[in-house]
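Asker: Quick one: the structure is below, questions incoming.
No lab work stands behind these numbers, since they all come straight from the coordinates. No experiment lies behind these values; they were computed from the predicted model shown. Please note: Cβ atoms are built from the backbone with ideal geometry, for glycine as well, and neighbour counts cover all protein chains shown.
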Amino acid sequence: MGLPLSADISNEDPAVVKKGEQLLADAVKAVRDIGGSKLGGILYSAHTKYATQPTDRGRKNSIAAIAGIADIAKVVGVDLVLEIVNRFETNLLNTAAQGLDFIKATGSDHVALHLDTFHMNIEEANPAAAIRLAADKIGYFHIGESNRGYLGDGVINFDLIFDALLDIDYQRDITFESFSSAVVDEGLSIACAIWRDTWTDNQPLAEHAKSFIELKRAEAARRRKTNRKP
Ligand SMILES: [Mn+2]
């Protein structure tokens with residue numbers, strides 16, 4: 001999920017923040033009602049390319065709102081995971097370190113990070129180091145290629161990613177994320193700047209991703225046993 005600008009909890013206007021809080025509270029309850037276990041995405045700001053710098057007041061508004069939503073989520077048994085995304089999709093949290101600072105400021109033990117290799121490839125100096133830094137604060141994980149298409153068709157070094165996930169003993173979900181305007185919702189495709197499709201048939205794409213992830217996990221485990229660098 002990503003917030004619209006009209007309900008952006010990182011806005012300076014309390015009326016806009018209030019709309020966002022209502023939207024997030026409704027979303028948490030909707031997740032519970034469909035039997036889901038977590039709400040993730042750009043929950044702390046709008047999902048958009050901002051034309052302005054984040055402000056201190058806006059950041060504080062977002063922190064307070066997320067702290068309140070976390071209380072609701074805890075009561076209804078839904079995890080809250082904040083997706084760290086690149087500069088073109090939010091102005092507030094672009095790195096895992098920023099995300100950790102934000103979580104600390106909420107004072108809540110019910111907010112975790114949602115990391116994504118596509119975004120880390122753009123923003124982190126060292127994506128594997130970011131994973132190790134966030135460690136048990138990672139509540140959800142997106143595997144995506146640098147062009148958001150087939151895994152292995154881009155520049156991301158997944159060996160280093162899977163070594164880091166193994167090092168922190170990551171046991172939660174790993175979800176493959178890819179985009180094609182032929183399949184994915186038009187609004188989301190535009191927000192993610194999907195202007196050309198690297199695939200149109202999702203079945204072989206998903207099968208390939210599952211095999212790729214299983215292979216890379218197995219290779220990382222074997223490397224660890226033999227103490228070999230990728
Ligand atoms: Mn993602």
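Asker: Indicate the gyration tensor shape class of segment 1-145 (rounded, prolate or oblate), computed on the Cα atoms with a ≥ b ≥ c the square roots of the eigenvalues: a/c under 1.5 is rounded; otherwise a/b larger than b/c is prolate and the rest oblate.
Answerer: oblate
Asker: Something else: On a 0 to 90 degree scale, rounded to 10, what angle separates helix 202-226 from the longest Cα axis of the chain?
Answerer: 70 degrees
Asker: Looking at the chain as a GNM with Cα springs under 10 Å, which of His114, His208, His142 has the largest mean-square fluctuation?
Answerer: Fluctuation is largest for His208.
Asker: At 0.36 nm per residue, minus the direct Cα-Cα distance, what do Arg222 and Lys49 gain on full extension? Give it in nm, one decimal, please.
Answerer: Length gained between Arg222 and Lys49: 58.2 nm.
Asker: Across segment 33-39, in residue order, what do the Karplus-derived ³J(HN,Hα) couplings come to in whole Hz, using 6.51 cos²θ - 1.76 cosθ + 1.60 with θ = phi - 60° and x for Gly and Pro?
Answerer: 5, 8, x, x, 10, 8, 10
Asker: While we're on this one: Which one of Gly144, Ala73, Ala112 is farthest out on the positive end of the charge dipole of the chain, using unit charges on Cβ (Lys, Arg +1; Asp, Glu -1) and the Cα centre as origin?
Answerer: Of the candidates, Ala112 comes out farthest on the positive side.
Asker: I want to check the label-to-label distance for Ser6 and Ile190. Put each point 7 Å from Cα in the C-beta direction and report it in nm to one decimal.
Answerer: In this crude label model, Ser6 to Ile190 measures out at 1.4 nm.
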